[in-house]
Amino acid sequence: MQGSDKLSRMKATARRDGSFRHLVQVRDHQLVVDEPLDAGGQDTGPRPQELLAVSLASCTAITIEMYAARKGWGLDHVEVEVEYSPADRGCPTKFELVTRLPADLPEEQVERLRVIAAKCPVHRALEGEVMFHERVDRVDMVA
């Protein structure tokens, strides 16, 4: 794998740790993903689809912050709220994003940050064409 591939390829591994609860390993970080009680889970973490909203909100906020820092703009508050509605019969998947920036930020900076926000990697991935390469590996489980 070449250096640029290493930066552009990410890996997450989910392992069962209870009824619908999974421990997810991402680099040196571990997350708990679960379903709510009414769906048969233990509600010990967000459900997988909520992580899609988490990814978009955090990526958008970080993209805005990084851009403002590169420009030398004082940006002491960034908040991005994402509401995600999965696709339903006849309706596409919907993401509603609300970005909150300081009230005293100049209008031209607000507009530039709005444009930059839509260029975050997660936003681009969700807008773009997606390809899945899937396989099933059968393994012996050690007790």
>> Just to check I understand the Karplus step: with θ = phi - 60° and J = 6.51 cos²θ - 1.76 cosθ + 1.60, what whole-Hz values come out for segment 121-133, glycine and proline as x?
In response: x, 5, 4, 5, 5, 6, 7, x, 6, 10, 10, 10, 10
> In the chain, which Cys residues have no partner Cys with a Cβ closer than 4.7 Å?
Replying inline: 91
> Summing Lys, Arg as +1 and Asp, Glu as -1, what charge do residues with Cβ under 15 Å from the Cβ of residue 30 carry, residue 30 excluded?
Replying inline: +2
>> Straight-line reach only, C-alpha to C-alpha below 26 angstrom: list the lysines that residue 11 could link to, leaving out same-chain residues fewer than 8 apart.
In response: 94, 119
> Scaled to the compact-protein estimate 2.2 N^0.38 Å, what is the alpha-carbon radius of gyration of segment 1-84, rounded to two decimal places?
Replying inline: 1.40
> Which far-off residues, 5 or more places away or on another chain, put their amide H under 5 Å from the one on residue 47, with H placed in the peptide plane?
Replying inline: 34
> For the chain, what is the mean residue ellipticity at 222 nm derived from helices alone (per DSSP H run of n ≥ 4: -39500 (n - 2.57); sum divided by total residues; nearest 500 deg cm²/dmol)?
Replying inline: -10500 deg cm²/dmol
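Accessible area per residue of segment 25-77 at 1.4 Å probe, in Å²?
64
The values are calculated or read from the model by the stated rules, or taken from the named source; none is laboratory data. Since we're looking at a predicted model, the values are computed, not measured. Positions of Cβ are backbone-derived with ideal geometry, glycine not excepted, and every protein chain shown enters the neighbour counts. Keep in mind that these areas ignore ligands, DNA and RNA; they rest on the heavy atoms of the full protein, side chains included. Shrake-Rupley method; radii C 1.70, N 1.55, O 1.52, S 1.80 Å.
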